[in-house]
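> My questions all concern the structure below.
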Amino acid sequence: MRALSIGLLIVVLGAGGGGVAGEVADPSDRTAVPVDLSPQREPGAADEPLPAGEDRERAGRRGPGVAAGEPSGLREVVVSGIGSGLTESEARQAATAEAEREMVNALQELAQELAGMSLSSRKAWLEWAWLLRQPGVRQEVTRTCTPRAYGPRAMEEIRLSLPRDVLTDWTRRLERQAMLGRQARLFGGLATILLTLAALLTILVLDRRTGGYHRGLVVASVIAVFGLLLAALWVLLLWAF
């Protein structure tokens, strides 16, 4: 009987221990403390620079950078002109004329710097108009007029912004024009030699046909005709190139 009681007590104690163990191991227990599976950061790890591609949004805010649309790689030509007159209109016109002359001079210097080409004033005006038609080129004009005791005094500033790609295209354009100019001068020189020989041959032929009696008239007429042809040829070449 005593042995039976001891056996029942052992069974009861064993069942109670199993119930407690099952309650602890029960995964549905909401009061269980969750296990932190995230990697532990070492002190100071958050201050280290982010690797490329890990966090683009944060990596993009590391430095100031160049803002989108910010004018970079521009060549600016800035000139100004001052004019005076009896009226404000006269002063402004004088300032505009002087500023435009200064811009023409600046473009001549820039063409000499880029392509080693000397531009005339007329060609500089044409190149200025060509530059203004190119994409990305901006021209800003600032005008001021100050009344004075002896008359108004006006000032005009012209700021021409040229992108690098436009400068490259303009340099190539100037180099092509310089090459065409050299070819035109070479052609003009050959044409001068040929016209001179043709004029001499014409004088000899006409002098023989007239028997030398109208030599002065023949020489003057031939020189006048061929001289006009030669002058017209050179004017055309110099104007075109």
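> Out of 217, 197, 180, 228, report the one residue that is at pLDDT below 95 and under 28 Å from residue 240 (Cβ atoms).
180
Residues checked against (1) modelled with pLDDT of 95 or more; (2) more than 21 Å from the chain's Cα centre (by Cα); (3) part of a helix (DSSP H, G or I); (4) more than 24 Å from residue 238 (Cα to Cα):
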residue: 99; (1), (2), (3), (4): yes, yes, yes, yes
residue: 109; (1), (2), (3), (4): yes, no, yes, no
residue: 114; (1), (2), (3), (4): no, no, yes, no
residue: 129; (1), (2), (3), (4): yes, no, yes, no
residue: 134; (1), (2), (3), (4): yes, no, no, yes
residue: 142; (1), (2), (3), (4): yes, yes, no, yes
residue: 151; (1), (2), (3), (4): no, yes, no, yes
residue: 159; (1), (2), (3), (4): yes, no, no, yes
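> Moving on. Given the criterion hydrophobic (A, V, I, L, M, F, W, C) and within 12 Å of residue 79 (Cβ to Cβ), identify the matching residue among 99, 111, 129, 149.
None of the other options fit; the residue is 99.
Residues checked against (1) polar (S, T, N, Q); (2) outside the structural domain of residue 92 (by TED's automatic domain parsing); (3) under 17 Å from residue 107 (Cβ atoms):
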{"position": "128", "(1), (2), (3)": "no, no, yes"}
{"position": "135", "(1), (2), (3)": "no, no, no"}
{"position": "139", "(1), (2), (3)": "yes, no, yes"}
{"position": "153", "(1), (2), (3)": "no, no, no"}
{"position": "156", "(1), (2), (3)": "no, no, yes"}
{"position": "187", "(1), (2), (3)": "no, yes, no"}
{"position": "195", "(1), (2), (3)": "no, yes, no"}
{"position": "198", "(1), (2), (3)": "no, yes, no"}
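> For the range 188-211, enumerate the residues that are loosely packed, with under 11 Cβ neighbours inside 10 Å and either farther than 20 Å from residue 232 by Cβ or in contact (Cβ under 8 Å) with a residue 24 or more places away in the chain (or both).
Once the filter is applied, which keeps residues that are loosely packed, with under 11 Cβ neighbours inside 10 Å and either farther than 20 Å from residue 232 by Cβ or in contact (Cβ under 8 Å) with a residue 24 or more places away in the chain (or both), the range 188-211 yields 208, 209, 211.
> Name the single residue, out of those in the range 106-123 being touching a residue at least 12 places away in the same chain (Cβ under 8 Å) and among the polar types (S, T, N, Q), that is nearest to residue 175 (Cα to Cα).
Selected residue: 108.
The values are calculated or read from the model by the stated rules, or taken from the named source; none is laboratory data. All values derive from a computational prediction rather than experimental measurement. Neighbour counts are summed over all protein chains in view; Cβ atoms, including those assigned to glycine, are modelled from backbone coordinates with ideal geometry.
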